Amino acid sequence: MSEYFAPGHGACPGCGLTIAVRNTLEALEGKVFVSNSTGCLEIISSMYNRSAWGVPYIHSLFENAGAVAAGIEAALKALGRKDEGHVVVFAGDGATADIGIGTLSGMFDRNHDVLYICLDNEAYQNTGNQQSGLTPPGANTTTTPAGKIMPGKLGRKKDMVSIAVAHGIPYVASASVAFPMDIRRKVKRAVEFEGAKYIQIHCPCVTGWGIQGKDAVPLARLAVETALYPIVEFENGELVKVRKIKDRKPVEEYLKPQRRFRHLFRHPEGKKILEMIQKIADENAKRYNLDI
Amino acid sequence: MRKVVRGFYAIAHAVKLCKPNVICAYPITPQTEIVENLAAMHAEGELENCEYITAESEFGAASILVGASAAGARTFTATSSQGLILMSEVLYNAAGMRLPIVMVVANRALSAPLSIWNDHQDSMAMRDAGIIQVYVENNQEAHDLVPVAFRVAEDKRVMLPFMLCMDGFKLTHAYEPIELLEQEIIDAFLPPYDPPVKMTTKKPLTFGAYAPPPYYMEFRAIMHDAMERARKVIEEAMKEWSSITGRDYGGHTFTDYDEAEVAVVAMGSIVSMARDVAEEMRKEGKKVGVLKIRTFRPFPADEVRKALENVDKVIVLERALSLGSDGPLTLEVKSALYGTSKEIHTVVVGLGGRDVPRDLMVKIISEVYEGKVKPGFRFEGIHEYEEVIP
Ligand SMILES: Cc1ncc(C[n+]2csc(CCOP(=O)(O)OP(=O)(O)O)c2C)c(N)n1
Ligand SMILES: [Mg+2]
C-alpha cells in the first residue's frame, strides 16, 4: 500500500478516485505538491487529524485548485526550490469543467509547470450526484432527473480534452482507471514537459452511477471499448497515441448495468437518446481512428 | 530621500523594498497603477527572487497567493471594489489557513450603480474575514505602513492577512512629497519570511483540512485570539517603526486634542480635513477634536472609549453603509461606548466619490456643536431625492 496515500481514507469500495491518485503519486515517487479542489477526494482524505496524505497537500476551495497550484509553482521558482517536487492538481470534473474553468484556463494560459489531473466521475458526486459539464447525455442525476417528460441530461459531455489542447499546452491526455499502467506512463511522460499538462482520468463512482464496487473497473473498461471514453494523448498539440479498440462494443453494453442510464431502456425518449449516444461513440471512433 | 511621487508609486516602491517572492494581481481602477508600477519594476529586474503574475481574475490572483503563501513565499496583491469582493471567498479561506498575504485596497465604491470613485464600502464588506484592516490618511503613512503590514502579518503570534486601505484616487493618484524609504532601513526592520509551517516535500503536511463539528469552533476561536494578539503586535511594530523613521505612528488611533466636547471620528484621507476644520474651530474657542481610527480590525475599542471619555457629542463620519442598520464604523463606536451616555451622530458622506467640501465639514461639525441637529443617522452632502415606486 502506498505511503503517499494511506489506507484508512473514507472512499467507497470500488471508488475510481483512489486508484487514479495512488497510481499518480507512485509514478512520481511521492515527489509532489498536491493541490486538491473541494469534492469527494478531499472529503474522503483530508479530515482534520485523519489526513491520508503522505505528501504536501493543500485544499483551498472548489474552484481554484489550478490557481493554487500555479501559486505553489511560482513560490518554488522564486525560492529556488523547484527540484523539491512536481506540482500536481487533483480536481473533480465539476471543479474542472464548470466552476473552476476560469482559474484552470488562466493556469494553462500562463503555462505554469503544473500537472493538472481531472478526476472525471461525471457529476458532482460529493454533493450527491448533480450534473456537471462532464456528465454524459442521458444520465439521470439529481439535477437532470429522468421523469415523465425529461429523459435525463440533454446536453453533451463537454470536450475538456480539446479545450485543454486549444490552450496550446505541451501535454494533454485522457486515461482510465481500467488501465493503471497507462496512467503511470502518462503521468511520467507528462512531467517530462516543462509547462502545463492536463490528464483527464475516467473514474467510476459506485454511488452516483449506481453500480457495485466490483463492477467499477470492468465498466471503466467498457467505456473505453465502446469508444465513449476515447483514450488519447497529445504532445505539443499533436495527437501521438490512441488506445485502439478491437471489436468495438455497442454502447448499451456499457450503459445497461448502470442505474443512472436504466431509464433509457424504458423511457419514451430513451431510444432516441441511445441512438444519440451510439452516434457520439461512432464519432469518437472516427475522429481518433480508434477501430482496428 | 524626499521626492514628490504619486500614491501608487509610494506603495509600489515600498513593496519592492519588502522583497516579496510572489506578486499577483488583476487590474482595476484605481488600483491599476500600483500593479503596473510593480510589473515595470519586475520587468526591469529590480525585484529579485520574485515572480510577478498577472492572473485571469482577482479570484485567481488571490488563489495563486494562497498556494504561494502556503509554499513559503512572501506575497503581495492589490485590488479595489469589485475586485475585492470577487476575492472574498478566497480571502476568508486564506485567513482561515492563517496565510499572511499582504494587500493594498485602493478603496472604491461598490456596484450598482457602477462607480470607480472612492468610499469605504469595499473593504467594509470584508470586515469579518479575519483580515487585519488599517486605514491610512496620507501617502507617507501608506508608504511607511507597507513594511509594518508585512511584519505584523508574518509575526508568528499573528499569521493573518493584512489589508492596507487607502482612498482610491484621493490618495492613490495624489502627488505628495514623500520621504522614500531606503533598503537598509527595511532590511533592519523586516526579517525574511520564515513561516512556522509550509508546504515542503521534506516534511509533508496537510493544509486546508476540513473540520467536522468537534474541531471547527476551536479553529475559529484560535483565529479570534490571533486577531486579539495582533493589537499588541501592531503597536510594537508601529512604535519601532516610529523610532526608526521619526514619524509617529503611535498606535491604532490618534487624537489631536484632549479636551474636546465634540469629537469627530473618521478613517482615511477625510481625517486631514476634519482635523483642519477642528483646529480652526478651536481657535474660535470651540472645543472640537478629531479621533482618527487607523486600525479597524482588530477594532481598538478600549482606545476609542478612552479617547472619547470626556466628550459629550460624537460625530462618526461614515464612508460606507450597512444597509438596514447603522453605519459600520458607528456600530463599532457605539459598542465601544456601551454604558456611557453620549450624543452620537452618524453622518454618511462621500459615497461613490461625492465631494466633501470644507464648507460641508464646517456645517456638519458646527450644527452638532451648536445643538442644531438631532443625533442619529443622516446623509450629508446629498441632493434632494425621491424614489418613484411604481
Ligand atoms: C463555491 C462553491 N459552490 C458549491 C460548493 C458545493 N460543492 C462542494 S463539492 C461539489 C461538487 C464536486 O464535484 P466534482 O468537482 O465533480 O468532484 P467529485 O466530488 O465528483 O469528485 C459541490 C457542488 C462549494 N463547495 N463551493
Ligand atoms: Mg465529479
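Using a Cα distance threshold of under 20 Å, what count of lysine pairs results for the range B:2-245 when pairs must be 8 or more residues apart or interchain? Don't skip to the answer; put the middle values down first.
Numbers: B:LYS3/B:LYS16; B:LYS3/B:LYS170; B:LYS19/B:LYS156; B:LYS19/B:LYS198; B:LYS156/B:LYS198; B:LYS156/B:LYS203; B:LYS156/B:LYS232; B:LYS156/B:LYS239.
For the range B:2-245, qualifying lysine pairs total 8.
At a 1.4 Å probe, what is the % contribution of carbon and sulfur to the accessible area of the protein assembly as shown?
Working: 14310 of 27080 Å².
Answer for the protein assembly as shown: carbon and sulfur cover 53 percent of the accessible area.
Within 10 Å of each Cβ of A:49-59, how many other protein chain Cβ atoms are there on average? Could the numbers behind the result be given before it?
Numbers: counts 6, 3, 5, 1, 5, 2, 5, 12, 7, 11, 7.
The shielding value for this peptide is 6.
Given 20 °C and 1.002 mPa s, compute D for chain B with the Stokes-Einstein relation, Rh being the Kirkwood radius over Cα pairs; round to the nearest whole µm²/s.
Details: Rh = 21.5 Å.
This corresponds to a translational diffusion coefficient of 100 µm²/s.
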In terms of modelled amide H atoms, which long-range or inter-chain residues lie less than 5 Å from the amide H of A:VAL240? A:GLU233, A:PHE234, A:GLU235
One would report the antiparallel percent of DSSP beta bridges in the protein assembly as shown, rounded to the nearest 5, as 20
Distance between modelled label sites at B:GLU179 and A:ARG156, nm, 7 Å Cα→Cβ extension: 6.7
Arranged from highest to lowest average of other beta-carbon atoms within 10 Å per residue, in what order do the peptides A:200-209, A:260-269 appear? A:200-209, A:260-269
Long-range amide H contacts for A:PHE33: which residues qualify at under 5 Å (H placed 1.01 Å from N, peptide plane, sequence gap of 5 or more or a different chain)? A:HIS86, A:VAL87, A:VAL88
Vicinal HN-Hα couplings computed from phi for the range B:267-275 (Karplus, 6.51 cos²θ - 1.76 cosθ + 1.60; Hz; Gly/Pro x): 10, x, 5, 5, 4, 4, 5, 4, 5
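Taking the Cα centre of the range B:253-379 as origin, work out the dipole magnitude from +1 charges on Lys and Arg Cβ and -1 charges on Asp and Glu Cβ, in debye rounded to 20. Write down the numbers at each step before the final one.
Details: 20 positive and 20 negative charges, 56 e Å.
Dipole of the range B:253-379, to the nearest 20 debye: 260 debye.
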Expected vector for the range B:322-337, Karplus 3J(HN,Hα) from phi with 6.51, -1.76, 1.60 and θ = phi - 60°, integer Hz, x for Gly and Pro, equals 10, 3, x, 9, 6, x, x, 6, 4, 4, 5, 5, 4, 5, 5, 8
Could you work out the relative contact order of the range B:249-345, using alpha carbon pairs under 8 angstrom and six or more residues apart, expressed as a whole percent? 33
Given the options A:THR103, B:PHE150, A:VAL34, identify the residue whose Cα lies farthest towards the positive end of the charge dipole of the protein assembly as shown (+1 on Cβ of Lys, Arg; -1 on Cβ of Asp, Glu). A:VAL34
Taking H placed 1.01 Å from N in the peptide plane, check which residues at least 5 places from A:ASP113 or on another chain put their amide H under 5 Å from its amide H. A:GLY195
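Just the number, please: percent antiparallel of the DSSP beta bridges in the range B:200-326, rounded to the nearest 5.
Working: 3 of 12 bridges.
Percent antiparallel among DSSP bridges in the range B:200-326 is about 25.
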Note down the relative contact order for chain A as a percent, whole number, built from C-alpha pairs under 8 angstrom at least six residues apart. 17
Relative contact order as a percentage, chain B, C-alpha pairs under 8 Å and 6+ apart, gives 16
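What is the range A:1-110 by shape, rounded, prolate or oblate, if you read a ≥ b ≥ c off the alpha carbon gyration tensor as root eigenvalues and call it rounded for a/c under 1.5, prolate for a/b larger than b/c, and oblate otherwise? Don't skip to the end; give the middle numbers.
Working: a/c = 1.93, a/b = 1.23, b/c = 1.57.
Judged from the Cα gyration tensor, the range A:1-110 comes out oblate (a/c at least 1.5, b/c at or above a/b).
Could you tell me what a quarter of the Cα convex hull surface of the protein assembly as shown works out to, in nm² with one decimal place?
On the way: hull surface 136.1 nm².
So the mean shadow area of the Cα hull is 34.0 nm².
Output the antiparallel fraction of DSSP beta bridges having both residues in the range B:253-379, as a percent to the nearest 5.
Within the range B:253-379, antiparallel bridges account for around 15 percent of the total.
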Total Å² of accessible surface buried at the B-A contact, 1.4 Å probe, nearest 100? 3000
Sequence order, the range B:9-21: Karplus ³J(HN,Hα) from phi using 6.51 cos²θ - 1.76 cosθ + 1.60, θ = phi - 60°, Hz rounded, Gly and Pro as x, gives 6, 4, 5, 4, 4, 5, 4, 4, 5, 7, 6, x, 8
In Å², and per residue, what accessible area does the range B:62-202 have when probed at 1.4 Å with the other protein chains present? 27
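The values are calculated or read from the model by the stated rules, or taken from the named source; none is laboratory data. Just so we're clear, the structure is a prediction, and the values are computed from it rather than from any experiment. Here the Cβ is made from the backbone with ideal geometry for all residues, glycine too, and neighbour counts use every protein chain on show. Quick note on the areas: whole protein, heavy atoms, side chains included, nothing else; ligands and nucleic acids left out. Shrake-Rupley method; radii C 1.70, N 1.55, O 1.52, S 1.80 Å.
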